[in-house]
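*Asks:* My structure is below; once you've seen it, I'll send some questions.
Just so it is clear, none of the values below were taken in a lab; they were calculated from the coordinates. This one's a predicted model, so the numbers in the text were calculated from it and none came from an experiment. Here the Cβ positions follow ideal geometry from the backbone for every residue, glycine too, while neighbour counts run over all protein chains shown.
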Amino acid sequence: MKKIKPASGKGRNISALAILVLALSAIIPVSVNAKSPSYVLECRGGGKMVAIVNHVGNIKITGLRHARVAASVKSPGPGECAWLDRPMNKNEPFNLHYTSRKLPFKYVYISSNTVSLKWVNYIPIATVLKAIYSNKLFFVHVRRKRINKRWTLGIERVGP
């Protein structure tokens with residue numbers, strides 16, 4: 001391989017291969033597998049929206065409907081979700097998924113007519129779960145994810 005001397009005549013010889021590697025590194029993206037950005041979804045609890053919490057803290061929210069207009073135009077109705085800038089597309093997933101190692105509540109109290117939870121308020125997903133049963137608005141930052149061979153909207157962060 002031919003050696004190329006720097007223009008000043010001083011310093012080390014640089015091989016043509018090193019120059020090629022430097023040139024290619026400038027045009028090839030550094031992070032090919034970078035995560036896609038998350039987007040804000042506005043939802044209103046209620047309707048047929050249901051949260052399923054398993055024993056290790058994974059939460060799946062199903063039964064949501066796609067609002068017909070963007071959340072910036074009109075807040076979603078009970079059980080509906082919309083992007084801030086547009087309505088959800090019919091091909092977008094109809095469920096949300098949250099993964100955590102911590103449960104959002106300390107305990108569940110069950111009697112003949114009542115089921116109540118003692119919430120852990122410092123876990124943000126508790127805000128979403130409270131909104132689901134009280135028909136309140138909530139905001140989540142989501143990213144499309146594949147879980148168990150199905151597409152879902154993975155919750156990355158809670159809040160606007």
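*Asks:* Take I147 and V50, extend 7 Å from each Cα along the Cα→Cβ direction, and tell me the distance between the two endpoints in nm.
*Replies:* With each label placed 7 Å out from Cα toward Cβ, I get 1.6 nm.
*Asks:* Want the number for V69 to L137: 0.36 nm per residue separation, take away the alpha-carbon distance, what's left?
*Replies:* Working it through step by step, the gained length comes to 22.9 nm.
*Asks:* Which residues does the label zone of D85 cover in segment 35-55, counting backbone N under 14 Å from a point 7 Å along Cα→Cβ?
*Replies:* 37-41
*Asks:* Give or take rounding to whole Å, what are the principal axis extents of the alpha carbon atoms in segment 39-158, in descending order?
*Replies:* Extents along the principal axes, in whole Å: 41, 30, 24.
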